[in-house]
1. For region B:198-214, enumerate the residues that are under 20 Å from C:Ser379 (Cβ atoms), in a helix (DSSP H, G or I) and within 8 Å of chain C (Cβ to nearest Cβ).
2. Considering only residues that are in a helix (DSSP H, G or I) and either farther than 26 Å from B:Gly65 by Cα or small (Gly, Ala, Ser) (or both), look in region A:116-138 and name the one that is farthest from the other protein chains (Cβ to nearest Cβ).
3. I'm checking my understanding of the structure. Among residues of region B:257-298 that are in a helix (DSSP H, G or I) and among the hydroxyl-bearing types (Ser, Thr, Tyr), which one is nearest to the other protein chains (Cβ to nearest Cβ)?
4. Restricting attention to region C:157-178, which residues are more than 26 Å from C:Ile94 (Cβ to Cβ) and either acidic (Asp, Glu) or more than 28 Å from the chain's Cα centre (by Cα) (or both)?
5. Condition check: at the interface with another protein chain (Cβ under 8 Å from one of its Cβ atoms), of a type in the set (A, V, I, L, M, F, W, C) and in a helix (DSSP H, G or I). Does C:Val380 satisfy that?
6. Checking C:Ala387 against (1) within 25 Å of C:Tyr461 (Cβ to Cβ); (2) small (Gly, Ala, Ser); (3) crowded, with 17+ Cβ neighbours inside 10 Å; (4) more than 30 Å from the chain's Cα centre (by Cα): exactly one of these is not met. Which one?
7. State which residue is surrounded by the most Cβ atoms within 10 Å (Cβ to Cβ) when the search covers only region A:199-227 and only residues that are within 21 Å of the chain's Cα centre (by Cα) and within 7 Å of another protein chain (Cβ to nearest Cβ).
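The values are calculated or read from the model by the stated rules, or taken from the named source; none is laboratory data. Since we're looking at a predicted model, the values are computed, not measured. Cβ sites come from the backbone with ideal geometry, for glycine too, and all protein chains shown count toward neighbours.
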Amino acid sequence: METSTAFTDRLGAVLNRPGVGIAVFLVLVSIAMSFVSPFFLTWLNWANILNQSAFLILLAVGMTVVLIGGGIDLSVGAIAALSGGVVAWLVSAIGFPLPLALLCGILAGTLLGLLNGLIITRLGIPDFVTTLATLALIRGILLVWTQGVPIIGYSSNGYMMLGGLRRLPYGLTVPEFITAFLVIAGILIMRFSRVSSHLRAVGENPEIARLSGVNITRIKLASYALSGFLAGVVGVLLAGRLGTVQPNMAAGMEIQALAAAIIGGAALSGGRGSLVGAAIGALTLVVIQNVINLTGIPPVFETFVIGSVILVVITFDRVSGIVSGRRAQVAG
Amino acid sequence: MQALLVRLLRIEGASITLILLLAVAIFGSLNPAFLGPENLAAIAVQSMFVLIIAVGMSFVLTSGGIDLSVGAVLGLSGGVTMFLLTLSVPTVLAVVGGLVVGTGFGLLNGLLVTGLGLSDFIVTLATMGVAGGLLQILAYLRPLRGAETDAFTWLSYGEVFGAPFPIVFGFLLVLACAALLNATVFGRRVQASGMSPAGANFAGIDVRNVRLMVFALSGFLAAVSGILLAARLASVQPALGQGYELQAIAAAVLGGTSLAGGRGTIVGTAVAALLLGTINAGLQISGVDPTWYQVFVGGSILAAVAFHQWSERYVDANALSDAASAGSEISSNPTH
Amino acid sequence: MKIEPVEATHTALPESLLQIGGLLKRFPGTIAVNNVSFAIRSGTIHALVGENGAGKSTIIKMLSGVYRPDGGEIRIKGQPVDITSPHVAQECGISTVYQERTLIANLSALDNIFLGREILARIGGTLGLTDRQAMRSAVVELCRDFEFDPKLLSRPVEELSALSRQIVEIIKALAFRSELIILDEPNGGLSIHERQVLFAQMRRLRGRGTAVLWVTHQLEELAGMADEVTVLRDGKLVGTIDGAEARTDRVVRMMVGRDVETIESFVTGAKGSAAIKEHGKVVLRVEGLSDDTDLRDLAFTLRRGEVLGIGGLQGAGCSRIVETIIGARRMTSGRVLLDEKPRRIRSTRHAFAAGIAYVPNERKSRGILPTFSIAQNISVSSLPAFARMGFIDRKKEASTARGFFDALGIRARSVGDQIVRLSGGNQQKAIIARALAAKPKVIIFNEPTEGVDVGAKIEIYRLIRDYIASGGAAIVKSSELVELLGLSDRVLVMKTGRIVGELPGLGADQDHESATRLEEKFMSLAAASGVN
């Protein structure tokens, strides 16, 4: 009797972990889809899904770090586009060697992230206003700079490989490895470094963090710089994959990254979030897109479905939180 | 000089009106054709669509919330009306249909935010996706054009007392909403709720109810704007309304509405919306690349918020120093 | 009775670890700490006592780098220091256990204890990698002392009981070899046994040569524990006395001074009328009220012309009762009747509509609407009364406010001034005016004199009395005993969500018991252990 309640308690605790619920959802959808479309569970399809989700996973992880620190970064899509533009332009117009251009592109992304952090910490402008404004600013700069004309003529075999347009054996791609490396590094840092507890403290209660001697400004700056860095990585890889840089490249990806982070258990109120959850959340969104494609639903339904999924997830999360909160109160 | 600056900073909408006049003067001197009454009227009409949702946004911001879905709801409401027109539904019913959908989305936002205690930011972000997605589906089902009735076209091209209807409508709307926010019981409750949700609650204000109404109002105004815009464009594209929420926020904060809640000005917001329209048109007429407009929108939000924070500190510091002399007299007053 | 301020005797002695000289802190409308000087020696327990609002917390916050002083100096071992941030305070060897909970819910107990002061790993420490094993073994002994299962160290604190969280807070402060440890009322909510453990730790710290600055309300424990006791009143130093001489009655007299006399004389002045007065019909009846915390099955009545006090130790549920009655919190069962008619109160709006007005505690965040004018703050609870067709009549609003200025003695330049610019007492009177403007049947006061000076206190008591005399009824929740017993006709004593007793107020007391005797009775009810 006692062991069974202990077991259900343990099970409840596991299910309550960020990302676990959505992972279960993902498995269920996959099983259901395997009946609808025999193609769904093939390696080829999953190789596609993984290749497509690599970028979103990186952005979602960056977003999660910012969310844990109590912020939000709506400018990641625009930063990615600008970073990609920098590489494309340096290679095609100036003739930089690719590795140097890539470095410059990632650096540009990191600096823009740092700029977000500086505006937020120095001028005291709320996070979402700042990044909403820099989203418009960066996009605008890209538009003015390119005059709306895509940048082309920078592509090469190596760059295509890097962007995942060309595949390695077994259908694997370079971005998948880069993503895997960065996400694992992130998970290790969040597990073993004090940065993790400082970040959570700043996000949950900046006043307590300050009283404990945590340098809030530095943590905030670092989280935005990291988010900018990851957006920069995404941007330069995406430029390789697409072969052209449109001024509206990666438009709306910030919303998807945010959605993935929140589906993965990050809280907008700060302090909470899981990198693994964010990765699973991103994967879920890509699988939903994949399902829409495979089932022959017109692609115009995609925005609606994703918006609805976010709405359902946050509502469900809240309602189950209220219910389990009641239960806990009764038990205590 | 200092006192003058403090006083000027305190008058709502004064500084933004000055900036608007300055912008008109600059563009006029660059190109005298800019000052033609036809052109100015056209700019005003073009500005009305952002103006109307910016007014709604001002209410939401003043109540301490934010509504990112207004752009998408604007597009969807216009799309629904157009959709109904293509089905040969009478104009009045088609317009009512658009209004119901917009207000419904506003209510949905409000219910999710107040009923479940969800963050308004994420809720309206999600409904932005839902509404925007629905418009894409509508546009996929049927081309949303070529069904305008005369009555529908009149909404954007008709004239009242010799002035274009949208301008007359916008003017009346601003008057009504300014009165609503500044002179009525409801407006006072909106301000109190945004200024201090706990304080308002303990003073007997049903803050959740206030916020629900404000979200509904924002959705309704987005629908109004979307229907007028659909009439103006005579067609609805699947992406109609995208990015309008940003312009609405920009107009509201430029006008002097606080993002932190509690303080809002409808007149200032309206003037700022006209300013955004003027700059958009002015860039085009003076041959500047119009893509700069977006840079301006983004930059202006940052600048306006930073300026507000500075001016508040400035007014506070200077007002405190003169209150301190009077205040010491108050506190030294012996208590009996 | 007048107490001569006792000069701090140890200021000049070399063993002084920390010296405070002429410390000053102003807040808008009030001086929180006014020219306070005392010294703390190493290897001693130095108690800091005073009523709420006497300035203890402000001093602590200046010592721990939360507030910057507006004047005076702080010296450590004779060297002037400028404690600009909590970090600097830690570097000066000062660590603090705050009165408010200061744990991050989503972090493990261990991470909380070492937040900002992690032990870094030898390899990778520059990357911020921590040595969890070293951190764990650094506190495992402390955990044993406090009977805190070290296994719980890796659990998020939100999963721990309230008591365990409190222990984690204490371990957090003790875990570092600080030269000065500040304990800001650390023992609220601890059982007697746990308090003994805490005291043993404090003595051990003293034995190690550490200085302990101990802020406490438990005056009876002073004589046994403290080496020195510094008493504050209204932001000023009353004096520092030897711990051995710190008998409760002496300390109480130093703490309350003129306060208690004025309040007592005020109460006795009103006594005649209060004792004779016939209470009217029942205005408010509460039946079987329970909520989703520990409020269970509460029932009481309030009659016209009566003041009902509600008191108890922190966490007893007094605030929750009143917030539930006014609809700010949900009740799971029970009902509220006004004039014997059941009213459904599910929001504060319903409460005001039913005739219950509320004067909240925490005036700054819950009472005032800061950037509204005084007139707007007064009218906000009864706006429809000032409106025609939904439009507010500003002239009527202003003239009503002016009426309250005269009636309540609100001192300000004009009714159009922003309320934040007023002193605490005047703000509080404006909030009371707001409640009166709603023409209520009952006013509920939550800490009616929180953060106001003595003069304004008496004025507020008079306002409450006047309101009662004019046929009103009031509930007063207060954590100041003299105020609670002095204002009320009856006092309900709360403990862990239940009513554990009822006492007569000072004014209505038939047996004419002394204030001290009543206070003792109250404390024995409120602090009794083992009832549940």
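1. B:Ala198, B:Gly199, B:Ala200, B:Asn201, B:Phe202, B:Asn209
2. Residue satisfying both the conditions and the ranking: A:Gly117.
3. Going residue by residue through region B:257-298, those that are in a helix (DSSP H, G or I) are B:266-285, B:292-298.
Checking the rest, the ones that are also among the hydroxyl-bearing types (Ser, Thr, Tyr) come to B:269, B:278, B:293.
Values: B:Thr269: 16, B:Thr278: 18, B:Tyr293: 8 Å.
In this case the residue turns out to be B:Tyr293.
4. Within region C:157-178, C:Glu158, C:Glu159 meet the criteria.
5. Working: at the interface with another protein chain (Cβ under 8 Å from one of its Cβ atoms): yes; of a type in the set (A, V, I, L, M, F, W, C): yes; in a helix (DSSP H, G or I): yes.
Spelling it out, C:Val380 is indeed at the interface with another protein chain (Cβ under 8 Å from one of its Cβ atoms), of a type in the set (A, V, I, L, M, F, W, C) and in a helix (DSSP H, G or I).
6. That leaves (1) as the condition not met.
7. Of all residues in region A:199-227, those within 21 Å of the chain's Cα centre (by Cα) come to A:199-200, A:202-204, A:219-227.
Adding the requirement that they be within 7 Å of another protein chain (Cβ to nearest Cβ) leaves A:200, A:204.
Numbers: A:Arg200: 27, A:Glu204: 23.
Going through the qualifying residues, I end up with A:Arg200.
Quick grid of which residues meet (1) hydrophobic (A, V, I, L, M, F, W, C); (2) surrounded by fewer than 24 Cβ atoms within 10 Å (Cβ to Cβ):
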| position | (1), (2) |
| --- | --- |
| B:Ala216 | yes, yes |
| B:Leu221 | yes, no |
| B:Gly226 | no, no |
| B:Leu229 | yes, no |
| B:Val236 | yes, no |
| B:Gly241 | no, no |
| B:Ile249 | yes, no |
| B:Leu254 | yes, no |
